[in-house]
Amino acid sequence: MSLLQLRPMAPGDQSEVADLIYASINTWYRLHGMPQIFQGGPEVTQAFYQVYSVLDPGCCVVAENTASGRLMGSCFYHPRKHHVALGIMNVHPNYFGLGVGRALLQYIIDFTDRNGYPSLRLTQSALNLDSFSLYNRAGFVPRHAYQDMMISVPPDGMTQRVAGLEHVRDATIDDVPGMAELEMDVSGVTREQDYRYCIQNDLGFWHVSVYESPGGRIDGFLISSGHSAMNMLGPGVVRTEEQAAALILRELSLHLGRSPVFLIPVERAGLVRQMYDWGARNTELHFCQVRGEFKGFNGINMPMFLLETA
C-alpha cells in the first residue's frame, strides 16, 4: 500500500497499540463465531507494552497510514541469544486483507536475516488459516502442535496430588543459569532475561516455579501470569510428563477461582489424559512455526502468548 509506512513504535503510540490489539483480536474471533478473547476495554492490553518496553525496548514495529497518521498494524518481536521470536501481530479491522501483516512480517524477517540469527519462531493459532498461509508462504514450517487447555480452579483449590510435588518450589534469581541450561538442552534456545524478569515480578502478576531434582538439578520450570486479561500458565520447559504435572498443579493452585489457559504438546498423550481427568477442556490449537534452524524438542515445551519468546 502506498499509504503504509513502517517505523518503530514510539512511547506515544502505547494507547493506540493497545486499542489495536484489543480490536484486532476480538474482531477476528467474533467474525469466526467465537467469543472475544479480551474483556474490559483496551486498557487491559496495555500489558503487552508494559512488559515488552522493559524486556525488549524498541522491538515493536508499527504500520502507519501516512494520510491519516493512524496505526494500521503492529508487531512485537523478541531477539534472544539463539533466535528471534515473532510476537503478537495485529492489523486493525479497517485494514484486514490489504497486505499490512505481510509488510510487518517482512520487516522482522529482514531484521532476523540481517543480524544473522539462525531462526525466527512464533506460536500461531491453527484456527487462523489466513495467518497460517502468510507464515507458510514466507518460509515458516509448522514443527509442533499444541492443544490449548483450560482448567477452572475451585475457590478452595485443587484437590489432586501427584508424585514429585515435593520437588517443586518458588524460583529464585539463583536458578536462572540452571533454567537456561535446561531450556538449551530441551529446546535449543535460551532466554535468561525472560526468566529473570518474571522472577523479579515488578508488575506483580508473574510467578515462577522450578522442579529441582535430588542433587540440585533444575529439571523443569513453569511461569504463570495472573493478569486480568491473560490468566495463563507458561512459558514452561520440563523434561518429563510427571514433572510437568507437578509444576502445572503447583501453578494452578496459585489461581484460586480462576480458569488459566495452558498449552500441552498434542503427542504427550499421558499428560493430556491427566489434564482431562483434572477437568480440563480444549479451547484452541496452536502450532510452533519456525523459519530456519530447528532441532526437535528433547522434553516438553509449553509456550505462551505473554511471554511469547519460545
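The values are calculated or read from the model by the stated rules, or taken from the named source; none is laboratory data. The model shown is predicted, which means the values in this text are computed figures rather than measured ones. All Cβ positions, glycine included, derive from the backbone under ideal geometry; neighbour counts span all protein chains shown.
Output the residues belonging to the range 184-241 that are of a type in the set (Asp, Glu) and either without any contact (Cβ under 8 Å) to a residue 12 or more places away in the chain or over 21 Å from Val54 (Cα atoms) (or both). Correct list: Asp185, Glu212, Asp219, Glu241.
When the strands (runs of 3 or more DSSP E) confined to the range 250-310 are screened for residues that are under 16 Å from Glu183 (Cα atoms), those reaching at least 3 such residues are found at 300-302.
Can you name the number of the only condition in (1) under 19 Å from Thr309 (Cβ atoms); (2) more than 19 Å from the chain's Cα centre (by Cα) that Arg281 fails? Unmet for Arg281, out of (1) under 19 Å from Thr309 (Cβ atoms); (2) more than 19 Å from the chain's Cα centre (by Cα): (1). Of all residues in the range 65-111, those that are assigned to a strand (DSSP E or B), surrounded by fewer than 23 Cβ atoms within 10 Å (Cβ to Cβ) and of a type in the set (S, T, N, Q) total 1. A single entry from Ser209, Ser152 fulfils the requirement of being in a loop (DSSP other than H, G, I, E, B), at negative phi and in the same structural domain as Glu242 (by TED's automatic domain parsing): Ser152. Looking at the structure I just gave you, is Asp130 under 16 Å from the mean Cα position of the chain (by Cα) and charged (D, E, K, R)? Answer is no for this residue.
The set of residues in the range 39-64 being in contact (Cβ under 8 Å) with a residue 60 or more places away in the chain, surrounded by fewer than 13 Cβ atoms within 10 Å (Cβ to Cβ) and small (Gly, Ala, Ser) consists of Gly40 alone. Entry remark, the range 112-147: residues being in a helix (DSSP H, G or I), touching a residue at least 24 places away in the same chain (Cβ under 8 Å) and among the small types (Gly, Ala, Ser) number 1 in total.
Let's see how each residue does on (1) over 23 Å from Gly157 (Cβ atoms); (2) at pLDDT below 95:
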{"position": "Pro265", "(1), (2)": "yes, no"}
{"position": "Arg268", "(1), (2)": "yes, no"}
{"position": "Arg273", "(1), (2)": "no, no"}
{"position": "Trp278", "(1), (2)": "no, no"}
{"position": "Arg281", "(1), (2)": "no, no"}
{"position": "Phe287", "(1), (2)": "yes, no"}
{"position": "Arg291", "(1), (2)": "yes, no"}
{"position": "Lys295", "(1), (2)": "yes, yes"}
{"position": "Pro303", "(1), (2)": "yes, no"}
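When each of Ala269, Ala280, Ala245 is tested for being over 21 Å from Arg169 (Cβ atoms) and in contact (Cβ under 8 Å) with a residue 60 or more places away in the chain, the lone residue that passes is Ala280. Taken across the range 229-246, residues that are surrounded by fewer than 18 Cβ atoms within 10 Å (Cβ to Cβ) and of a type in the set (Lys, Arg) do not occur at all. A search for C-beta distances below 6 Å between a residue of the range 13-33 that is more than 15 Å from Ser125 (Cα to Cα) and any residue that is of a type in the set (Gly, Ala, Ser), counting only pairs 6+ apart in sequence or on different chains, returns Val17/Ser74; Leu20/Ser74.
For the range 82-94, filtering for residues that are in contact with a helix residue (DSSP H, G or I) (Cβ under 9 Å, 6 or more places away or on another chain) and either farther than 18 Å from Thr45 by Cβ or of a type in the set (A, V, I, L, M) (or both) leaves 7.
Listed here are the residues, each with its yes/no results for (1) modelled with pLDDT of 95 or more; (2) farther than 18 Å from Met304 by Cβ; (3) not hydrophobic (A, V, I, L, M, F, W, C).
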| position | (1), (2), (3) |
| --- | --- |
| Ala63 | yes, yes, no |
| Arg80 | yes, no, yes |
| Gly87 | no, no, yes |
| Leu98 | no, yes, no |
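Taking the condition more than 20 Å from Arg121 (Cα to Cα), within 20 Å of the chain's Cα centre (by Cα), in a loop (DSSP other than H, G, I, E, B) and modelled with pLDDT of 95 or more, does Ser228 pass? For Ser228, the condition - more than 20 Å from Arg121 (Cα to Cα), within 20 Å of the chain's Cα centre (by Cα), in a loop (DSSP other than H, G, I, E, B) and modelled with pLDDT of 95 or more - is not met.
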